[in-house]
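Working notes for the structure below.
The values are calculated or read from the model by the stated rules, or taken from the named source; none is laboratory data. Just so it is clear, the structure is predicted and the values come from calculations on it, not from any experiment. Reconstructed Cβ throughout: ideal geometry from the backbone, glycine too, with neighbour counts over all protein chains shown.
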Amino acid sequence: MKEKKDVLILAIESSCDETAAAVVKNGREVLSNVISSQIELHKLYGGVVPEIASRKHIEKINQVIEEALKEADIKLDDCDAIGVTYGPGLVGALLVGVAEAKAIAYAKDLPLVGVHHIEGHISANYIENKELKPPFICLVVSGGHTHLVCVKDYGEYEIIGRTRDDAAGEAFDKVARAIGLGYPGGPKIDKLSKEGNADAIAFPKAHVEDGPYDFSFSGVKSSVLNYINGCKMKGDDYSCADIAASFQKAVTEVLVENAMRAVKEYGMDKLAIAGGVASNSTLRAAMEKACEENNIRFFHPSPIYCTDNAAMIGVAAYYEYEKGVRHGWDLNAVPNLKLGER
């Protein structure tokens with residue numbers, strides 16, 4: 001029997017403020033994963049400035065790809081396909097990656113595979129968990145998205161819950177700004193909360209009546225802002241660490257409760273988490289505990305694969321490539337691309 005040839009995917013990710021390239025072998029082995037972050041630049045503005053992000057991607061993208069190929073010890077001619085994030089994200093930022101991927105694919109006569117950014121986050125779980133295979137439930141929590149997804153097969157998804165307003169990461173950023181922590185808020189709240197009392201303030205946990213798996217975080221965010229304003233008006237002192245810990249607890253409990261409900265009602269025995277907020281230590285510990293108590297296997301990527309990176313895009317692109325998905329030269333950036341759309 002003829003041995004199956006290794007498939008090498010060069011992947012590009014530029015949906016927000018990270019310029020990233022990676023080489024992934026056979027969908028599970030990362031040969032290189034290069035990320036050029038713009039966090040220091042956007043810190044000055046308290047959040048990502050789209051025009052600056054796009055300009056930086058243009059400056060960095062060739063350099064990052066060259067580094068990824070060098071680190072993987074391969075040439076462009078060794079690649080079997082080019083994978084690229086084409087949505088959702090910032091339109092200008094996405095366009096840089098898509099244009100670069102199309103140029104390389106055209107010049108080298110390689111197949112082009114467009115990847116959904118959220119599919120990339122879900123696929124990050126396959127890198128270190130070689131035994132993980134669909135079906136399973138995945139909770140995607142990031143700055144722009146909070147989704148509960150039923151992963152039916154590779155590349156086949158059903159969104160069963162989503163946020164009705166702010167994404168979890170967005171709420172973290174806004175609360176961090178309110179207590180003077182700055183951007184990015186998630187890691188800073190995670191760190192400060194360790195010094196606080198999570199039971200000090202009872203912030204509300206929103207449950208959406210007509211959507212048992214849906215989320216709403218604008219209420220808890222507003223509650224934090226009202227609490228701070230109330231203290232200031234009365235001249236009372238308040239503890240930023242207690243606010244961080246109590247807010248984080250309210251968000252975490254809702255995420256865990258909805259995820260557990262979904263796993264049970266869908267008859268699954270596997271739960272994965274993905275996205276930037278998936279590296280939050282309180283959320284991980286709470287999920288781990290809940291999964292243990294309910295006899296559910298828990299999967300999560302290392303922090304490096306939780307934030308935006310190209311390795312996860314390479315993994316997703318591999319499974320799309322194997323299914324025969326190919327995109328033409330008309331592939332475009334789709335800033336509000338829905339999961340499951342082609």
Completion exercise
In the range 17-38, anything under 16 Å from residue 92 (Cβ atoms), buried (at least 24 other Cβ atoms within 10 Å of the Cβ) and not hydroxyl-bearing (Ser, Thr, Tyr) is listed as 17
Completion exercise
Going through (1) in contact with a helix residue (DSSP H, G or I) (Cβ under 8 Å, 6 or more places away or on another chain); (2) free of Cβ contacts under 8 Å to residues at least 60 places away in the same chain one by one, residue 308 fails only at (2)
Exercise for the section: Identify, from the list 205, 194, the residue that is in the same structural domain as residue 162 (by TED's automatic domain parsing) and at pLDDT 90 or above. Expected result: 194
Practice task
Can you give me the number of residues within the range 288-311 that are more than 18 Å from residue 151 (Cα to Cα) and buried (at least 24 other Cβ atoms within 10 Å of the Cβ)?
Solution key: 6
Practice task
Please specify each residue of the range 172-199 satisfying the condition of being surrounded by 15 or more Cβ atoms within 10 Å (Cβ to Cβ) and closer than 20 Å to residue 285 by Cα.
Solution key: 172, 185, 186, 187, 188, 189, 190, 192, 193, 196, 198
Practice task
Assess whether residue 140 counts as being within 14 Å of residue 9 (Cα to Cα), touching a residue at least 60 places away in the same chain (Cβ under 8 Å) and crowded, with 23+ Cβ neighbours inside 10 Å.
Solution key: no
Practice task
Identify all residues within the range 110-139 that are among the β-branched types (Val, Ile, Thr) and either farther than 30 Å from residue 183 by Cα or modelled with pLDDT of 95 or more (or both); write none if there are none.
Solution key: 113, 115, 122, 127, 137
Completion exercise
Condition set buried (at least 24 other Cβ atoms within 10 Å of the Cβ) and in contact with a Phe, Trp or Tyr (Cβ under 7 Å, 6 or more places away or on another chain), scope the range 312-334, selection modelled with the lowest pLDDT: answer is 333
